[in-house]
């Protein structure tokens, strides 16, 4: 009887494992599809097509340098995109939101320096040091800085997730897509983003994840 019991147990376990993996894969694919599809008509990649009604931009942070010490192309291209939008008159102010959880790592400060080098006045830049995650950056832009109509600047695949979050929090948002780095350069990031979109669905609609920190309001008046 024991060998027969083991066979039945193994068969039962395999069925549950395969079924679980199938459902997980289905959920990952569905999460990505719904987020990408929902943002399809709200992301622009040319200055001419970008709308004029969103005066405040949310620039999503990233590190200035890679782990190898070279310039991070995600950083470079986001700065260039923000500068183009500002100098075209499509936006009047930029909220730079990034991670400053430790003293030695300061995404907002580095992005501000780069924006100033591109000719954007410091008075047109507000720093959000508590943009630990995309969720935090988007929600804080409304709850802390008082902006419910924004243009989000990042790469397209990142903007799609940010717009999904914005929609959940009833923020009137569109996206302006910065240039993408070459495929080989961005492969690891794109794979990670595939799971990040799935996590966004879980955060917003299953566990109701909230920003790590809000704090006092700092309303931006334009």
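Inspect all residues belonging to the stretch 182-203 and state whether any of them is buried (at least 17 other Cβ atoms within 10 Å of the Cβ) and not in a helix (DSSP H, G or I). The answer is no; no qualifying residue exists. Is it the case, given these coordinates, that residue 137 is outside any strand (DSSP E or B), surrounded by fewer than 17 Cβ atoms within 10 Å (Cβ to Cβ) and either modelled with pLDDT of 95 or more or touching a helix residue (DSSP H, G or I) at 6+ places or on another chain (Cβ under 9 Å) (or both)? It is false that residue 137 is outside any strand (DSSP E or B), surrounded by fewer than 17 Cβ atoms within 10 Å (Cβ to Cβ) and either modelled with pLDDT of 95 or more or touching a helix residue (DSSP H, G or I) at 6+ places or on another chain (Cβ under 9 Å) (or both).
Please determine, by comparing only the residues of the stretch 170-181 that are in contact with a helix residue (DSSP H, G or I) (Cβ under 6 Å, 6 or more places away or on another chain) and in a loop (DSSP other than H, G, I, E, B), which one is modelled with the lowest pLDDT. Going through the qualifying residues, I end up with 181. Out of 132, 157, one residue alone is part of a helix (DSSP H, G or I), under 12 Å from the mean Cα position of the chain (by Cα) and either modelled with pLDDT under 95 or surrounded by fewer than 23 Cβ atoms within 10 Å (Cβ to Cβ) (or both). It is 157. Do we find that residue 174 is closer than 30 Å to residue 49 by Cα and touching a strand residue (DSSP E or B) at 6+ places or on another chain (Cβ under 7 Å) in this structure? It is true that residue 174 is closer than 30 Å to residue 49 by Cα and touching a strand residue (DSSP E or B) at 6+ places or on another chain (Cβ under 7 Å). Do we have any residue at all in the stretch 100-112 that's out of contact with any helix residue (DSSP H, G or I) (no Cβ under 6 Å at 6 or more places or on another chain), farther than 17 Å from residue 62 by Cβ and surrounded by fewer than 23 Cβ atoms within 10 Å (Cβ to Cβ)? There is at least one residue in the stretch 100-112 that is out of contact with any helix residue (DSSP H, G or I) (no Cβ under 6 Å at 6 or more places or on another chain), farther than 17 Å from residue 62 by Cβ and surrounded by fewer than 23 Cβ atoms within 10 Å (Cβ to Cβ).
For the stretch 177-188, a residue qualifies if it is farther than 29 Å from residue 90 by Cα and either in contact (Cβ under 8 Å) with a residue 60 or more places away in the chain or touching a strand residue (DSSP E or B) at 6+ places or on another chain (Cβ under 6 Å) (or both), and exactly one does: 185. Does residue 80 count as over 19 Å from residue 188 (Cα atoms) and assigned to a loop (DSSP other than H, G, I, E, B)? It is false that residue 80 is over 19 Å from residue 188 (Cα atoms) and assigned to a loop (DSSP other than H, G, I, E, B). From the list 119, 69, the one residue that fits, being touching a helix residue (DSSP H, G or I) at 6+ places or on another chain (Cβ under 8 Å), without any contact (Cβ under 8 Å) to a residue 60 or more places away in the chain, farther than 24 Å from residue 218 by Cα and not in a helix (DSSP H, G or I), is 119.
Inspect all residues belonging to the stretch 3-12 and state whether any of them is in a helix (DSSP H, G or I), at pLDDT 95 or above and surrounded by fewer than 13 Cβ atoms within 10 Å (Cβ to Cβ). No, the stretch 3-12 contains no residue that is in a helix (DSSP H, G or I), at pLDDT 95 or above and surrounded by fewer than 13 Cβ atoms within 10 Å (Cβ to Cβ). For the residues 57, 50, the requirement of being closer than 30 Å to residue 120 by Cβ, in contact with a strand residue (DSSP E or B) (Cβ under 7 Å, 6 or more places away or on another chain), modelled with pLDDT under 95 and outside any helix (DSSP H, G or I) singles out 50.
The values are calculated or read from the model by the stated rules, or taken from the named source; none is laboratory data. None of the values given here were measured: they were computed from a predicted structure. Glycine gets a Cβ as well: all are built from the backbone with ideal geometry, and neighbour counts include every protein chain shown.
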